[in-house]
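A short worksheet on the structure shown next.
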Amino acid sequence: MIELIKRNTPKISDNFILKNIENDNGFDRYEIYSENGKVVLAGNSNLSLAMAYYRYLNEYCGIVITNGDYDISSTGTTPLPEKKISFTVKQKIRARTSYEFFALEGNYWGFDRWEKEIDFMAMHGINAALQPVGFDGVLFHFLNDMGLDEKLCLEFSSGPAFLMRQLTGNVAGLNSVNSKEYLDRKVYIGKRIVERENELGISPILPAALPSVPFSTRKKYIKMNIFKAPQWYNFPPIFFIKADNPFFGIFNLRFLKKQQELLGETKSYFFEPLYDVNPKGFSSHLAAIGESISEVLHEFDPEAVCYTHLSSIGADFFKEISGKKFIFINDSGDESLLSGTKYITAIKGNLYGRTAIYGDMNRVCGCPFSTDEGSLGTAVELDTFRENPLYCAAVLKSATADEAFDSDEFTKDFAQKRYKTDAYTNDLIKLKNLCYTSDESVGSIICARPTTKIEHTALFDTMERKYDPKELFKIAKSMLENEARKVDAVRADIQSVLRQALSDFAAPVYKTATEFFKSQNVHNFEQASNLFLEICEDLDRLLKTREETNLSTRYEEAHFLGQNKEEKEAIDINFLMLHTIWGPLGHTFLYDTAWAEWGGLIKDYYAKRWFMYYRSLAVYFDNPKKLKDNSKKRPYERNDYKGSYQLKRLANFDNQFLEDYIPRKDGIGEEDVIDVARELVEKYSEVINQF
């Protein structure tokens, strides 16, 4: 634990005394007080000490950390606590369980970045964390040891953007990096993560079983009974070993041993029988899988537990496994199914890392997950911590809170500590009351695939706003008028609020342009469509003022993971596909799933799609009814990817973008975010009231 303090606050590391105390009837406990001119941190474990350390920094040094990419090394003083703080964490489990986090970020990091993330989790009391890093390497070595061809084994592991969907039994071998050296590096990083998490008292949650096997294993193991899984969003089918076949136990027991050999020890595992697919027709598989997984885990380690999402099992099959080794992640909200079982309650947010301001602050501050009868604790399922810092901070606090806390008071405290001034408190409370009122993921008209009928940007979002974008614009304007603008967090949040306000404003502009097209009002259509494209251009300019809000910056972070041309090209296409069409290449349902309003991505991708769209409308201006740009079939209330002539043109553009994209750093950081924000606020102050 002392090493964590030295890593994060080296200047004051000698000012702490660490002491061990007993737990509180099995619950984690910590104390903070002063002794002989030093700060005493006392806890029943390293994790409790880490919680005490962060609480001290938060309450006495004014430090708030909302994501793992932080730097508090300049902290130079240690005020002595005026009174003793004693706290017992009544939530047994505080797990971090987002799959998409690894697709978006975690699978691209080296250990130096993971070290900070693990410290971040420990300081916020996370005591169990999904840890799939290195699974692809384990899978390769396991299959190779079982006698399968090395080339096949390499191709069977999906690339970093899609590996989690292989672990949840949806795909296999999607965009493989196809490099043994790459896989061995991932195993090395994964092993170090497991070691560090165990050291700090975070239980790594590792895969409990093989999610699927190559079809060719049946040729080598003739008696193996495998079957085709339900197809997932047009991806090629994958194959399971039948749960009641002896090879299920043989293969998975050997897999667990290989995983332990390569990654290290744990007692926590995860497995998703049928994640995000219709279980119809697979009742016998679901009925058998719980028993089989329980038997394998019990033989491997009698103390092991297995996490699984309630939505992955389904109500009809829940009772088959409810008495086994499973801890359910309640992501369905149907608590009637949970009576007499072990479960934790999911807190969701920041879906697929989308750049939208949203989240239900009142629900989070109300801590319903800490008071659910029978609940063992919380599953934090934020797909990224880069967005929505206020909401993230509330979620992290709630993970260890044992009672509700006032959202206004929390927001005031957060504003003071994040901005080092109370000048923005009222602005942040207004933002909370305006945008942080719902868990429903907010869409973006700019990132939506252009047609005359848009209901969603991606699956599971809404184009509706529960607030007036003009009010959000006023908050951005108010923040700019304050004098305390030198703090980096202020600058970042001004950019974020104005980005959201202009993005929201683009929606009524789009609707107006569409109405003018249908009514054949050429002049007004040109004005509205040009305004829409101008908003895109201005947003791109605003986002280029900061390094981290650009496509090329995120792209290069991923690109760095490869160590030769072939590896880099495979990783690059993983990253680009994830943030555009998702896949499969031929006919995707998941296009724009991980959309993001980033500099460069707006200008070079989204805005160009809109320019194509508005130019194509001119051809049909004499007879708008002839335009057939929407598909007849509307899966998930969206257009079929290639469901019309216009949509096929967009698909060709998507593929060309993936083929031609070259990261460009030109323009990034050349303008000051405050100067650009002021200019845009002045520019749009009048026109925004016309829509």
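Annotations
- Solvent-accessible ranking of H141, H309, largest area first, probe 1.4 Å: H141, H309
- Taking a ≥ b ≥ c as the square roots of the eigenvalues of the Cα gyration tensor, segment 21-138 is oblate, since a/c reaches 1.5 or more and a/b is not larger than b/c.
- Per-residue [θ]222 nm for the chain (sum of -39500 (n - 2.57) over DSSP H runs n ≥ 4, rounded to 500): -13500 deg cm²/dmol
- Between R254 and Q563, the modelled labels are 2.8 nm apart [label points 7 Å from Cα along Cα→Cβ].
- Taking every DSSP beta bridge that has both ends in the chain, the antiparallel portion is near 35%.
- Once all protein chains are placed together, V490 keeps about 0 Å² accessible to a 1.4 angstrom probe.
- Mean-position separation - Cα centroids, segment 477-550 and segment 101-154, in angstrom: 38 Å
- Accessible area per residue for segment 11-106 is 42 Å², calculated with a 1.4 Å probe on protein heavy atoms, without ligands, DNA or RNA.
- Probe 1.4 Å - accessible area at D468, Å² to nearest ten: 60 Å²
- Entry note, the chain: relative contact order of 11 percent, from Cα contacts under 8 Å with a spacing of 6+ residues.
- Prolate/oblate/rounded label for segment 126-166 (Cα gyration tensor, a/c 1.5): oblate
- Answer label, with Cα extents along the principal axes in Å calculated from the coordinates and candidates (1) 74, 72, 51; (2) 100, 71, 59; (3) 84, 68, 59: (1)
- Cross-linked pairs K568/K628; K518/K683; K186/K453; K432/K603; K92/K470: Cα-Cα separations exceed 32 Å for K568/K628; K186/K453; K92/K470.
- Prolate/oblate/rounded call for segment 577-691, Cα gyration tensor, a/c under 1.5 rounded: oblate
- Within the straight-line cut-off of under 17 Å between alpha carbons, the lysines reachable from K151 are K180, K219, K220, sequence neighbours fewer than 8 places apart in one chain being disregarded.
- Taking the 1.4 Å solvent-accessible surface of the chain as the whole, the part contributed by carbon and sulfur is 47%.
- Estimated at the nearest 10 Å², the accessible area of R491 is 50 Å² with a 1.4 Å probe.
- Protein heavy-atom accessible surface, 1.4 Å probe, per residue over segment 566-679: 46 Å².
- Surface listing: T66, T437 arranged by accessible area from highest to lowest gives T437, T66, probe 1.4 Å.
- The residues E387, E195, sorted by heavy-atom accessible surface at 1.4 Å with ligands and nucleic acids left out, run E195, E387 from largest to smallest.
The values are calculated or read from the model by the stated rules, or taken from the named source; none is laboratory data. All values derive from a computational prediction rather than experimental measurement. Heads up, the Cβs are rebuilt from the backbone with ideal geometry, glycines too, and the neighbour counts pull from every protein chain shown. Keep in mind that these areas ignore ligands, DNA and RNA; they rest on the heavy atoms of the full protein, side chains included. Shrake-Rupley method; radii C 1.70, N 1.55, O 1.52, S 1.80 Å.
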